[in-house]
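See below for the structure under consideration.
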Amino acid sequence: MSFTQNIPSAPLPTLRRAGLVFGALLACASFGASFGAHAATVTDVSGRTVTIPAKVERIVVGFGVFPAFAVVEGAESARRVVAMGADLKDRNKALYEAMLAKQPALATIPTVGGEGKGLSPDQVLALKPDVAIFGGGDGPVSAKEGSLQARLEQAGVTVVYVDFRSHPGANTVPSIRTIAKLIGREPEGEAFVRYHEEQLRRVTDVVGKLPKDKRPRLFMDMRAGGVKDCCGTPGKGNYGDLIEAAGAVNVGAELHQGVLGSAKPEAIAAAGPQIYVAGGASAPGAQVGVQLGDNITAQQARASLATLVANRPGVTTLEAVQAGKVGAVWHSFYNHPFNVVAVQALGKIAHPALFQSLDPDATMRDLYRRFLHVELNGTYWVNGIQAR
């Protein structure tokens with residue numbers, strides 16, 4: 001005997017009505033589930049709110065974004081990427097090679113934004129991406145007609161913008177959270193946010209109590225030596241955010257009104273900086289600039305800084321330089337999710353007595369190990385031209 005044999009039969013019209021009701025309920029449930037799967041949204045740093053696709057399996061990662069994406073995506077960061085910025089391979093070779101050793105698939109990912117050598121918008125669209133992540137955080141973003149971003153949006157691809165360059169102080173954490181929500185890795189995003197904020201507080205909890213007259217005036221010469229004329233310098237944003245977080249006064253913000261800009265030697269001298277900091281990312285053995293970054297020794301970094309300050313026009317005569325109040329930080333922190341290392345380094349340069357036990361290079365190694373799953377060593381800052 002089946003379980004249905006004891007159930008009384010309903011009249012035929014009743015069955016028809018029940019079937020119609022059940023069908024309507026099923027359709028509503030199906031529509032609701034479909035709508036719910038597509039209704040998740042994320043608001044990026046440009047203020048745009050976009051819908052997250054139900055499935056995110058094919059991702060375009062734009063120029064300057066891959067390290068931040070990889071922090072969130074985890075050890076298999078190449079798995080869902082169908083195109084990526086050329087900058088990782090072109091400008092951060094040591095990191096690229098370390099990641100390539102663990103993820104050979106990186107070598108097969110085509111690039112965008114590589115000195116005109118990357119994929120065209122049509123070629124990117126042919127890869128059928130679900131979402132794309134680009135850099136851009138200096139206010140509202142309007143994609144230029146015909147650009148890759150515009151073409152993707154026109155094709156219905158979800159595009160978001162993140163920012164570690166223009167306003168890293170305000171936008172680093174929201175940018176990580178945007179990536180994490182977009183690609184379905186929110187716990188991993190929050191793990192990075194917690195670490196970032198813990199490391200940041202090691203500096204800001206100390207310098208936040210300092211009165212203004214205890215905050216030294218610091219001038220940063222970005223890409224020192226890489227640009228012949230003195231001097232490019234951050235203003236209201238970029239490295240300026242990191243300088244202020246480290247408990248110093250950013251002299252560049254007094255000399256121009258942009259995020260990045262320049263200042264003449266006479267204006268710099270008149271502003272009276274108490275500390276001079278060079279930005280550098282020169283390779284080992286380079287004849288210009290400060291050697292800093294992966295696989296650079298502290299001796300190489302100090303020697304190249306000494307050569308720079310002894311020969312750079314507009315710099316050698318600064319009172320801060322003549323007094324030996326000089327330092328250097330890795331240029332690439334200007335657009336990098338690991339910018340908290342620069343805050344720690346600048347804190348030690350500006351307030352060496354307050355941060356004797358802080359080791360920014362160790363923080364950098366830990367970040368590489370925990371969040372990019374590679375082992376890399378290098379020198380990412382120096383304070384003075386003598387061994388510390």
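Points to keep in mind about this one:
- Taking each residue as 0.36 nm, the span from E254 to T43 lengthens on full extension beyond its C-alpha to C-alpha distance by 72.7 nm.
- Residue among G289, H336, P53 farthest towards the positive dipole end of the chain, charges placed on Cβ: P53
- Value of relative contact order over the chain, rounded to a whole percent, pairs C-alpha under 8 Å and six or more apart: 15
- Global geometry of the range 159-310, whether rounded, prolate or oblate, following the gyration tensor of its Cα atoms and the 1.5 cut on a/c: prolate
- Matching label, Rg/Rh (Cα atoms, Kirkwood Rh) computed from the structure shown, candidates (1) 1.05; (2) 1.13; (3) 0.95: (2)
- Distance from the range 152-174 to the range 331-388 (C-alpha centre basis), Å: 25
- Inter-label distance for S120 and A54, nm, one decimal - labels placed 7 Å from Cα along Cα-to-Cβ: 3.4
- Across the range 152-191, Cα pairs under 8 Å and at least six residues apart give a relative contact order of 25 percent.
- Local electrostatic count, R58, Cβ distance below 11 Å [Lys/Arg +1, Asp/Glu -1]: +2
- Gyration tensor (alpha-carbon) shape descriptor, the range 212-294, a/c threshold 1.5: prolate
- Rel. contact order, % - alpha carbon contacts under 8 angstrom, at least six apart, the range 104-244: 17
- Kirkwood Rh and Cα Rg combined as Rg/Rh, the range 186-255: 1.09
- With 31 Å as the limit, the listed pairs K128/K181; K102/K144; K55/K89; K102/K181; K181/K348; K89/K144 have K102/K144; K181/K348 beyond it between alpha carbons.
- Simple spin-label estimate for A353 and K102 gives 4.2 nm between the two label positions (7 Å along the Cα-to-Cβ direction from each Cα).
- Distance between the pseudo-spin-label points of R201 and D90 (7 Å out from Cα toward the beta carbon): 4.0 nm.
- Accessible surface of the range 57-152, 1.4 Å probe: 49 percent of it comes from carbon and sulfur atoms.
- Note that the range 300-314 has calculated 3J(HN,Hα) couplings of 4, 5, 5, 5, 5, 5, 4, 5, 4, 5, 7, 10, 7, x, x Hz, one per residue in order, obtained from phi through the Karplus relation 6.51 cos²θ - 1.76 cosθ + 1.60 (θ = phi - 60°); glycine and proline are x.
- Structure-based [θ]222 nm, the chain - -39500 (n - 2.57) summed over DSSP H runs of at least 4, per residue, nearest 500: -12000 deg cm²/dmol
- Loop sites in the range 110-206: trypsin sites (Lys or Arg not before Pro), DSSP, at most 12 other Cβ within 10 Å: K117, K144
- Whichever aspartates and glutamates have a C-alpha closer than 20 Å to that of K264, once near sequence neighbours (fewer than 8 apart) are set aside: D221, D229, E254, E319
- Surface analysis of the chain yields an accessible area of 48 Å² per residue, using protein heavy atoms and a 1.4 Å probe.
The values are calculated or read from the model by the stated rules, or taken from the named source; none is laboratory data. Predicted, not measured: the structure shown is a model, and the values here were computed from it. When we count neighbours, we look across all protein chains shown, and the Cβ atoms used for this are built from the backbone with ideal geometry, even at glycine. Accessible surface areas use protein heavy atoms only, side chains included; no ligands, DNA or RNA. Shrake-Rupley method; radii C 1.70, N 1.55, O 1.52, S 1.80 Å.
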